Amino acid sequence: MQNEYHVKRILKTALPILTFASLLGIASGLVLDTYGDFLLISPGILMLVPVMIGMGGNLGSILGARITSALHLGIVELRLTDPLLRNNVLATIIVGVISFFAVGVFGQLFCILFGFESPGLVNMILISSVSGFLLTLIIVFTTILLAFMSYGYGFDPDDTTIPMVTSICDVFGILALFGVMMVVL
Amino acid sequence: MPEGDQYLKKYAGVSSIVKQTLPLLVICVILGLFAGVVLGGMKASLEALPGLLVLVPAILDTRGNIFGAFGSRLGSALHQGLILPELKRDDNLMHSIAAALGEGVIISIVLAVIAHYVILALGRDSIGIIPLTAISLIAGVVSGIVLTGLIVLLAFAGYKKGIDPDNITGPIATTAGDVLAMVALFMAAEIVLGVI
């Protein structure tokens, strides 16, 4: 059997997109660092950072994988009345709303279990749900746009959509979390 | 278009998408919070090591990107029969692993260097390029090695039991990646704090 995978070839494809993703990652780190003092006062919210980033990435990659499969099958079109697009958008929003509500509930539980200072159950749920909802809308919009654009320009959307969406989610996830936190607290 | 019709009937319904994704995502929420607990517990290190917080999202994110892609390659290779689910020397497997670990090393260094200069350019405090690179590299390599082993073992075990590795390697890479990267970052910060 011939050797299909070669270190050099994989590195050549992956490194440019990983470097781009790193730049976006640093950008979200800068947002995090800007609100650092605020965060260190509220460890309960600091605790939500990895899970907000992670959930944003999960939702984006699931939607991305589904849209790219549909593009490859040729059964989806970029218009508001497309049934597959509509179902995917609706399902992502439903899953997003429930998951980010769960982030608030479990977040509060973890604060109690591990003795972190928390802004209270209602505020935790409010902050995670509202920022999660905003993030979900951003994810839906950017994922669909990137998948269709990649496909339109002749790139395999599987290679481009997921790494770009997860990185973009990081920046907006942290921005949404702090934006909403500042309004609520 | 028969495949298209079949896909629309089988996978495109709102309730089927919700049912297949929600349980896994709720598990991811709980595991992700453990990563948060580690971050919350790092308050003291974060205060002692200015600049470290800038690296956190980037390191978590690259775990998902590098090892998500590694898992995806492994899944495709298993489906195509290019890699057999057996733990023995195999060129395709070795090259895939080497590429993932190599990416991890290069990106860890790139991240620390970019972060350091961006922090300085913005007139903020950085602990310095050497400590920052050391933390990023230790955390990246330690979490990368554990994550590679975990993904290979779970993808092989799943494949042998009839579970599609494509369904499990992505969430494993992002969620286990977050937890492992936070623990490794915590360790690396402690080591560097001990040295300087």
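A few notes on this one:
- Working from label points 7 Å from Cα in the Cα-to-Cβ sense, the residue A:81 to residue B:80 distance is 4.1 nm.
- Extreme residue, positive dipole direction of the protein assembly as shown, given options B:14, A:138, B:121 (C-beta unit charges): B:14
- Note: relative contact order over chain A, using C-alpha pairs below 8 Å and six or more positions apart, is 35 percent.
- Dipole of chain B, positive direction: furthest Cα of B:112, B:195, B:68, with charges on the beta-carbon: B:68
- Averaging 1/r over every pair of different alpha carbons in segment A:1-146 and inverting the result gives a Kirkwood radius of 17.7 Å.
- Degrees separating the helix B:129-160 axis from the principal Cα axis of chain B, which is the longest one: 20 degrees
- Under 14 Å from the Cα of residue A:8 - aspartates and glutamates, other chains or at least 8 residues apart: B:91, B:103
- Modelled spin-label separation between residue B:88 and residue B:26, with each label point placed 7 Å from Cα along the Cα-to-Cβ direction: 4.3 nm.
- Computed Kirkwood radius, in angstrom, where 1/r is averaged over Cα pairs of segment B:18-176: 17.1 Å
- Here the 3J(HN,Hα) profile of segment B:35-42, calculated from phi with Karplus coefficients 6.51, -1.76 and 1.60 at θ = phi - 60°, is 4, x, 4, 4, 4, x, x, 8 Hz, Gly and Pro shown as x.
- J(HN,Hα) series, segment B:85-93, from Karplus relation 6.51 cos²θ - 1.76 cosθ + 1.60, nearest Hz, glycine and proline x: x, 10, 7, 8, 4, 8, 4, 4, 5
- Neighbour counts of other Cβ atoms within 10 Å put B:103, A:77 in the fewest-to-most order A:77, B:103.
- The GNM of chain A, with springs linking C-alpha atoms under 10 angstrom apart, assigns the highest mean-square fluctuation among A:160, A:19, A:92 to A:19.
- Backbone N within segment A:77-98 under 19 Å of label point (7 Å from residue A:153 Cα along the Cβ vector): A:78
- Value at 222 nm in deg cm²/dmol, rounded to 500, when DSSP H runs of n ≥ 4 in chain B each add -39,500 (n - 2.57): -28500 deg cm²/dmol
- Cα→Cβ-extended label distance, 7 Å offset, between residue A:183 and residue B:125, nm: 3.3 nm
- Range of Cα positions in the protein assembly as shown per principal axis (Å), largest first: 60, 48, 38
- Magnitude of the charge dipole, segment B:2-195, Cβ model with Lys/Arg +1 and Asp/Glu -1, debye to 20: 300 debye
- Relative contact order for segment B:58-163: 36 percent, from Cα pairs under 8 Å spaced at least 6 residues apart, divided by residue count.
- Between segment B:164-193 and segment A:45-62, the alpha-carbon center distance in angstrom: 13 Å
- Magnitude of the charge dipole, the protein assembly as shown, Cβ model with Lys/Arg +1 and Asp/Glu -1, debye to 20: 440 debye
- Top of A:73, A:46, A:32 by mean-square fluctuation, Gaussian network on chain A, Cα under 10 Å: A:73
- Principal-axis analysis of the Cα atoms of chain B puts helix B:2-11 at an angle of about 60° to the longest axis.
- From helices alone, chain A scores -30000 deg cm²/dmol at 222 nm; the rule is -39500 (n - 2.57) for each run of n ≥ 4 DSSP H residues, then divide by the residue total.
We did not get these values from a lab; they are worked out from the coordinates using the rules stated. Small disclaimer: the values here were computed from a predicted structure and weren't measured. In this analysis, Cβ positions are derived from the backbone assuming ideal geometry, glycine residues included, and neighbour counts consider all displayed protein chains.
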